[in-house]
Amino acid sequence: AWSTTVVSCVVGSSLIAALAISPDGSRIACSDINGFTRVLNAQTGAELQVLKGNFKDLRLSISFSPTGKAFLSSTLDGEVYVCDIATGVELKIGTTGVKRPPHKSHSDDGFMQIMRRMTRDWVGVAWAPDGKLVASCQRETINLWRVASPEKNVRLQTECAVGFEPIVFSRDGY
């Protein structure tokens, strides 16, 4: 059974920015506000993969592939990546295209400024049930990419004044 103890033992006192559980429940992917992303064994807490980064690499959203062999993530800078868990290799598949002001480094920002930026610039990501399509959502913009050819994406603009970030595919993929 999964427990918050598993994640807190590995991540320690660092705040968790994003967390996802693999489809079969065997792995947890989590990122902290220092830019580290870890894939853990859900039963033991053992680190299976660690992606080291910095504040600009902070992952705001994580979504496992349907097979659980890869995960999709988004950064504070609006970049979207697919990571192969076995190798730790990341492939940048695109950016959200939403213009944001440049940010200061983690050490230059106070805690509350970091939290405000995370809230303002949060990017949701999701993986389609068939594993062939991924999506990101930030404010009024939804991006769709085919995993096999990410350079060909579709961008959808909405007229929603507030915007939205969480995104999911329905079980049938539509």
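Every read-out reported here was derived from the displayed coordinates using simple, explicitly stated rules and does not represent laboratory data. For clarity, every value in this text was computed on a predicted model and none was experimentally measured. Cβ coordinates were reconstructed from backbone atoms using ideal geometry, including for glycine residues, and neighbour counts include every protein chain displayed.
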| said: Net charge around ASP130, counting only other residues with Cβ within less than 14 Å of its Cβ (Lys, Arg = +1; Asp, Glu = -1)? | reply: +2
| Charge sum, other residues only, whose C-beta stays under 10 Å from VAL82's C-beta, Lys/Arg counted +1 and Asp/Glu -1 | -1
| remark: Between ASP172 and VAL50, the FRET efficiency computed from the C-beta separation at R0 = 35 Å comes out, to the nearest 0.05, as 0.50
| said: Let me check I've understood the local charge: for VAL50, count other residues with C-beta under 12 angstrom from its C-beta, Lys and Arg +1, Asp and Glu -1. What total comes out? | reply: 0
